[in-house]
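What follows is a single structure, written as structure tokens, with notes after it.
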Amino acid sequence: MLFTILFQFVGSFMELGSVFAVANEEAVVFENEEYGKATLTYTQPNQTQFDWQLNFEQKASSEKRQVGFILSEYASDKLELPEQVTTAENLEFTKTDLENGETLYLAKEGTNENKTTKITFSTTVKQQLEQYAFKIQGVIVNEDTARNGEKSWTKDDLTTANLLKDEKSQTVNVQNDILIQQNAARESSEKAAASSSSSAASESSEADDDADSDTASTEEKAESSSETEEDATTEAEDTTSLGAQSAARATKISAIAATNAGDLIISDKIFNNAADMKVEVSETKIGATVTRVDPDDENAGNSNYNSYTQIEKDVYFNYLKGSEDTKGSGKVNIKFDSESEDDIAELKKATVEVTYPKVGYIRNSNNKLVEIGAKVKISNIIRSPLTGSDWDGKGYPYKYPMIDLSTNLFSGTVLDGISSSDWNFTFFKVDDGTDVDFSKLSNPYMTFGSLNGHYTENASKPDTPGVYNGEFKGEFVKSMSGVQGSVSGSDSLIVNAKELKVFNSASNLVFENAYTGTASLSEDKDKLGHPVFNTSAVTFGLSGTTNSFQIGTGGGSSNHAWFTFASSAITPTQQTAPAKTVQPLTQYDSDGNASSNESGFDQRFYNDLDRYNAETGEEWALLEQYRVEGHNAENEKELVAGVPKKSDRYVTVGSEYYYFINQPTINYVSEGLVSPDKVTLTDTLPIGVSLSEETIKNSFTLYNLDGSELDLSDDQIDITAATETTGQKIIFTLTEQQIKDINELSKEEKHYGDDFSLRIKVKVAENVSAGEIMENVASSNFSYTTTEKDENGIEEEVIVDFDADSNPVHTVTKEEIKTLQLKLKKIASDTQAGLAEATFTVTKKDDSTVISTATSDTNGLLTFDEPLTVGEYTLKETVAPSGYQKVADIDFTVKENTDGKLVAVVKVGPTETEINENYQIVDHKIPMNLKIKKIDASDNKELSGAEFTLKKGDNTITGTTSWSDLQPGTYTLTETKAPSGYQLSDSVYTITIAKDGMTTVQKDGQPYADVSINKDGNPISITLTIKNNMQPALPVTGGMGILPLLIGGLILMAAGWFGYRKLRQ
């Protein structure tokens, strides 16, 4: 059995007293039914030495298991590891140096019996470090593999065991941090300390412990280690540490962010619809009205609630307003129909139950974020007295008790006319509806902010500390289960009032152990992001499935108060780890070539050059919440056209590219209320990579949260030259003005938790070998300056800082293979206009294998899909535009010109012509011939001697019955001479010829079908068949002709005349 202890440094330093020998309480490393239990204790005999005892109660097994552990330096100039360790059983250990400053201590002998092994060793530090963080890894070493410790060990030999905790263990699971405080609890230090200086050192350490105890991480940017809780508290203090969290540095493999983050994350990005919030008000003698308002309702506005009219239609102006992607807070308002103090008893019976479908996340034992909702039960509602200022002439805000709830849980509630009420919070998992048990999480807590104190003290106030018996008008909160709250430190305005009495209340209320402010923050300070906002806040640890708090205004003349429900820490907070990306200088165009569009702030998460572990198939180390759609290398099918897949990403020797260090700011809603005083970004470049510009400052661009560029100064950049074993090291310290500018934007709701970004322009050296994998990891340091009081009440300055490593990125070099993307133009011979839909292929000369293909666009431009290298090729037109002839094959050569660039040339005789987008290939139209076939209408016998006139517009086409080289268009055909003995046709034929030779004919405006077309030939042949009728027959020569007809006509006329004469007579 082998388990690993990894030392980590937070980097916060403190002056220790002259007397040490401080012992800590026992910490459980792991407890497992199969492998046993391991615990760790230590003492500190002097300023630079720590003596450790590791106790391993090994359980019997079928195979022999060896005891072993790893110590990790992390910083060789700060820690000296022991040459040997000793055991009470004289068990011999071997020492093996691993990579990255890690040393393995492995027992030579293994055992399969129940056995307790006590291992002692010492470590020496060259600086006084505030705390150590221990990283636990369980591993099994088989007897055959170990060969009794004689093997030369590497990490690949260690097989991780699944040492999941049981209910008794302080650890969560393998590869999670446990923080061992140097001076764990005041009780321990008082027993061990021999002088007041030792006590001072202990208290200073406790103060730092508190400063490191609280944080939360945003749902978009958090992945965190689990932490163990520290239970040491004392009644003499108003505050207690919520838990001992590991700070310090996360490994670059896990890229852990915010290692002391809280496990409850109440989000500033989640807004429920008012209609989706379930509200149930118990039946009492007094009724209640529930009003729901969404921000996009027709009459909805934002106001500070000065009247009942505003309450009915508006949303409170301090509720979060959302961003472009979210519509912001709505509200649910519960107004009780109580106008009399006589209703106090009845109102106390009322309960309000509200369900928020979604409120944020919890961080489970596997460090994954699980979406949660919340159920809030409000009871024991005590109304304010019916006195005070009447804001609207209708008794607002004291006349009707009201609870106004934002649809965003963090935004909280406005209470009007209510002295106090009990609030039960139960959080549930959205996916299955089960309640969250906070006892199974490492570090859950809630924060109540803006607890402003508004009270006057009577002259008769007794000299009893913590008793306030004046007219109290401020906000307060208390845990109903007796959990002690934590405050910001010696600068806190919050007190734990043992008794908070209000004499002018109708109920003569007394609130015990309530946290309230001793003063009120001014309006400009009472805002998220202000340096002193945290001094008016208190934090409570959570446990079990339901946590209960009493909140209110005490019942004095103040009848209106706003409370928020946050998960942010009130002390200096571990930052979210930076996100590292690597990007070409300019974005890719759709063909995968460099475009003219620079890679800037908006492209900082594209990460188009990162091929992290493409060789092994492992997923990108860049966290999924940062990945940009269309640029996520893990979704190759969805990559934007031109962006190479992960395995095809390379940088060439001598080329330049950008590294981005994207550092999220502290999210005031879900992470912490304190901004850092100092921020440093560190980046050690891979060997063979260095800053690109001769002027150092020109290699850097610092972007604010909104993408604007911040001014740089030369003295904020420290460069350490590369050596044979390490690359160039960059230390970039933000100036006071830069931090101020960033912090100012981070206070705006739309920028909560957003990142600022440092872009670094680098260059690959010419001598870097092809195929070299160059890994790069950056880190950030957030430093906070706070003040704490020593045991004599004297304030002293304390510096707390946190380090966080980014994800790694990989770039891989290759020799530059010059390529050419062939482009040319296809035009028509007659119009010189571009021709679309011509398809060409490129093959190697004398080889039919197609290398590249292109089809001309509407402008006739052909852009071939695959680049060409040096060589000889053949260009072949495979598909000609409709109505056009294919051109003959063209042989050409790709070669390097005098400028070192590749060009394609066609050689005709001694002359070479370059093929580029201005090079034109001319297509000629396929000729079309028209022929008229004249036949007898009765027997279809072909006739000769006819003549026709063919016109295109006003132009007559030369010919009589046949015409050649006709162009597409519309023609008219008329018969000008009929065959001998046949009638001349007076019909007009309209002939329309398409580009592809398809011909349609109309005769006198009606479709005419007797047309045949041969499109396979060259030229295209069109035949129009027209029928003619014979002329009527004439008399035979020498006959009587028409004489009989004339005689007959005269006889009829004479008969008619005689008839007429006879009638007249």
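The values are calculated or read from the model by the stated rules, or taken from the named source; none is laboratory data. Bear in mind that the values here come from a model prediction, so they are computed numbers and not experimental data. Using ideal geometry, Cβ is built from the backbone for each residue, glycine included, and neighbour counts are taken over all protein chains shown.
Numbers below:
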item: Flag if THR976 is touching an Asp or Glu at 6+ places or on another chain (Cβ under 6 Å), outside the structural domain of ASP830 (by TED's automatic domain parsing), more than 30 Å from THR839 (Cα to Cα) and assigned to a strand (DSSP E or B); result: yes
item: Residue within the range 520-536 that is under 30 Å from ILE344 (Cα atoms) and at pLDDT 75 or above present; result: no
item: Test: residue in the range 810-817 that is under 20 Å from VAL906 (Cβ atoms) and touching a Leu at 6+ places or on another chain (Cβ under 7 Å); result: no
item: Unique residue being surrounded by fewer than 19 Cβ atoms within 10 Å (Cβ to Cβ), under 47 Å from the mean Cα position of the chain (by Cα) and not hydroxyl-bearing (Ser, Thr, Tyr) when the list is ASP936, ASP865, ASP954; result: ASP865
item: Scan of the range 519-540 for residues that are crowded, with 16+ Cβ neighbours inside 10 Å and of a type in the set (S, T, N, Q), ordered by number; result: SER520, ASN534, THR535, SER536, THR539
item: Residue in the range 398-407 that is out of contact with any Asp or Glu (no Cβ under 9 Å at 6 or more places or on another chain) and in the same structural domain as ASP294 (by TED's automatic domain parsing) present; result: yes
item: Qualifying residue in the range 397-406 (condition: within 22 Å of VAL332 (Cα to Cα), surrounded by 19 or more Cβ atoms within 10 Å (Cβ to Cβ) and small (Gly, Ala, Ser)); result: yes
item: From ASP718, ASP683, ASP714, ASP648, residue being in contact (Cβ under 8 Å) with a residue 60 or more places away in the chain, over 25 Å from GLY529 (Cβ atoms) and of a type in the set (Asp, Glu); result: ASP683
item: Residue within the range 764-776 that is closer than 18 Å to LEU585 by Cα and either among the polar types (S, T, N, Q) or in the same structural domain as LEU320 (by TED's automatic domain parsing) (or both) present; result: yes
item: Selected residue [of a type in the set (Ser, Thr, Tyr), in contact with a Lys or Arg (Cβ under 7 Å, 6 or more places away or on another chain), buried (at least 17 other Cβ atoms within 10 Å of the Cβ) and modelled with pLDDT of 90 or more] from THR413, THR426; result: THR426
item: Any strands (runs of 3 or more DSSP E) falling wholly within the range 720-827 and containing at least 2 residues that are in contact with a helix residue (DSSP H, G or I) (Cβ under 7 Å, 6 or more places away or on another chain); result: 729-733, 755-764, 778-789, 795-805
item: Members of the range 844-854 that are touching a residue at least 24 places away in the same chain (Cβ under 8 Å) and under 44 Å from the mean Cα position of the chain (by Cα); result: SER852, ALA854
item: Residue in the range 758-768 that is modelled with pLDDT of 95 or more and farther than 26 Å from SER647 by Cα present; result: yes
item: Residues satisfying the stated conditions in the range 72-118, i.e. of a type in the set (A, V, I, L, M, F, W, C) and either modelled with pLDDT of 80 or more or within 25 Å of GLU34 (Cβ to Cβ) (or both); result: VAL85, ALA88, LEU91, PHE93, LEU104, LEU106, ALA107
item: Any chance GLU618 is surrounded by fewer than 18 Cβ atoms within 10 Å (Cβ to Cβ), over 28 Å from LEU705 (Cα atoms) and either touching a residue at least 60 places away in the same chain (Cβ under 8 Å) or not assigned by TED's automatic domain parsing to the domain that holds LEU528 (or both); result: yes
item: Some residue of the range 779-792 being among the small types (Gly, Ala, Ser) and in contact with a Leu (Cβ under 6 Å, 6 or more places away or on another chain); result: yes
item: Filter result (among the polar types (S, T, N, Q), under 51 Å from the mean Cα position of the chain (by Cα) and farther than 17 Å from ASP846 by Cα) within the range 878-908; result: SER882, ASN897, THR898
item: Strands (runs of 3 or more DSSP E) enclosed by the range 506-596 - at least 2 residues per element that are touching a helix residue (DSSP H, G or I) at 6+ places or on another chain (Cβ under 7 Å) and farther than 30 Å from ASP343 by Cβ; result: 579-584
item: The listed residue being out of contact with any Cys (no Cβ under 6 Å at 6 or more places or on another chain), of a type in the set (Phe, Trp, Tyr) and in a loop (DSSP other than H, G, I, E, B), out of TYR396, TYR356, TYR361; result: TYR396
item: Count of the range 322-346 residues which are of a type in the set (D, E, K, R) and modelled with pLDDT of 90 or more; result: 2
item: Close pairs from the range 420-432: first outside the structural domain of VAL376 (by TED's automatic domain parsing) and touching a residue at least 12 places away in the same chain (Cβ under 8 Å), partner in a strand (DSSP E or B) and buried (at least 22 other Cβ atoms within 10 Å of the Cβ), Cβ under 8 Å, at least 6 apart; result: none
item: Only listed residue being modelled with pLDDT of 80 or more and either under 22 Å from ALA937 (Cβ atoms) or in contact with a Cys (Cβ under 6 Å, 6 or more places away or on another chain) (or both), chosen from ILE1022, ILE957; result: ILE1022
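One line per residue, one yes/no per condition, for (1) touching a residue at least 24 places away in the same chain (Cβ under 8 Å); (2) surrounded by fewer than 16 Cβ atoms within 10 Å (Cβ to Cβ); (3) under 15 Å from the mean Cα position of the chain (by Cα):
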{"site": "ASP610", "(1), (2), (3)": "yes, no, no"}
{"site": "GLU629", "(1), (2), (3)": "no, yes, yes"}
{"site": "ALA633", "(1), (2), (3)": "yes, no, yes"}
{"site": "GLU638", "(1), (2), (3)": "no, yes, no"}
{"site": "VAL643", "(1), (2), (3)": "yes, no, no"}
